[in-house]
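Colleague: Take this structure, written in structure tokens, and hold onto it; I'll ask about it next.
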Amino acid sequence: MSVVNTEILMDVWQRLLADPHKSWVLFEHGTCVVLTAPEGELAAQATGILREFGPAHAGSAAGDFRVIDLQDAEGWAVIGHHNDVLTYVGPDELVDASDIAVGLYGRSKRHQDGIELNVVHVEDKRGAPDPV
């Protein structure tokens, strides 16, 4: 599994999560944890969520996924059994762009992030001013 360029991932997630009040944490393989109730150290909070909801376990809810065709970026977001844990799959990562191929690949990336837990970016929007 390849590591996607962190700058590309940050750009994609910044476009997708444009809400000025949404804090999020990005992991090495493209998984993003959106923190709907950010508190304390955000990387630690997101790591705890991904540790629990990242690894895929066949035959359980952790193996389920839903593929979202993105409107604001090329590629897809794959969501598992936690709606605030999303994994980006770029159009150049797969030859087969079927929902099942994208979903399985995204799930495998989320699984790897859930095992390795390598934070590459924290977007802390707490206290961000309202847009004018």
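The values are calculated or read from the model by the stated rules, or taken from the named source; none is laboratory data. Since the model is a prediction, treat every value here as computed from it, not as a measurement. When we count neighbours, we look across all protein chains shown, and the Cβ atoms used for this are built from the backbone with ideal geometry, even at glycine.
Colleague: May I ask you to say which residue of Val25, Val34, Val95 is outside any helix (DSSP H, G or I), in contact with a strand residue (DSSP E or B) (Cβ under 6 Å, 6 or more places away or on another chain) and free of Cβ contacts under 8 Å to residues at least 60 places away in the same chain?
Modeller: Checking each option against the conditions leaves just Val34.
Colleague: Can you tell me which residue among Leu35, Leu16, Leu42 is farther than 14 Å from Lys109 by Cβ, at pLDDT below 90 and not β-branched (Val, Ile, Thr)?
Modeller: Leu16
Residue-by-condition table, conditions (1) more than 22 Å from Thr6 (Cβ to Cβ); (2) surrounded by fewer than 21 Cβ atoms within 10 Å (Cβ to Cβ):
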{"position": "Ala43", "(1), (2)": "no, yes"}
{"position": "Glu52", "(1), (2)": "yes, yes"}
{"position": "Leu70", "(1), (2)": "no, yes"}
{"position": "Tyr88", "(1), (2)": "no, no"}
{"position": "Leu94", "(1), (2)": "no, yes"}
{"position": "Ala97", "(1), (2)": "yes, yes"}
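Colleague: So, one more: For the subset of the stretch 72-85 comprising residues that are in a loop (DSSP other than H, G, I, E, B) and touching a helix residue (DSSP H, G or I) at 6+ places or on another chain (Cβ under 9 Å), which member is nearest to Arg110 (Cα to Cα)?
Modeller: Gly80
Colleague: Looking only at the stretch 19-30, how many residues end up being more than 14 Å from Lys109 (Cβ to Cβ) and among the aliphatic types (A, V, I, L, M)? First the steps, then the outcome.
Modeller: So in the stretch 19-30, the residues more than 14 Å from Lys109 (Cβ to Cβ) come out as 19-25.
Pick out the ones that are also among the aliphatic types (A, V, I, L, M) and you get 25.
Of the residues in that region, 1 qualify.
Colleague: Condition check: in a loop (DSSP other than H, G, I, E, B), surrounded by fewer than 21 Cβ atoms within 10 Å (Cβ to Cβ) and at pLDDT below 90. Does Ala62 satisfy that?
Modeller: no
Colleague: Give Ile8, Ile100, Ile49 a once-over and let me know the one that is over 24 Å from Lys125 (Cβ atoms) and assigned to a helix (DSSP H, G or I). So that I can check it myself, show each step before the final result.
Modeller: Numbers: Ile8 fails: over 24 Å from Lys125 (Cβ atoms); Ile49 fails: over 24 Å from Lys125 (Cβ atoms).
Sole residue among the options that is over 24 Å from Lys125 (Cβ atoms) and assigned to a helix (DSSP H, G or I): Ile100.
Colleague: Restricting to the stretch 17-34, what's the tally of residues that are surrounded by fewer than 21 Cβ atoms within 10 Å (Cβ to Cβ) and either of a type in the set (Gly, Ala, Ser) or farther than 20 Å from Ala56 by Cβ (or both)?
Modeller: Residues that pass the stated criteria total 6.
Colleague: Within the stretch 104-122, can you find the residues that are acidic (Asp, Glu) and free of Cβ contacts under 8 Å to residues at least 40 places away in the same chain? Working first, answer last.
Modeller: Applying the first criterion (acidic (Asp, Glu)) to the stretch 104-122 yields 113, 116.
Within the stretch 104-122, none qualify.
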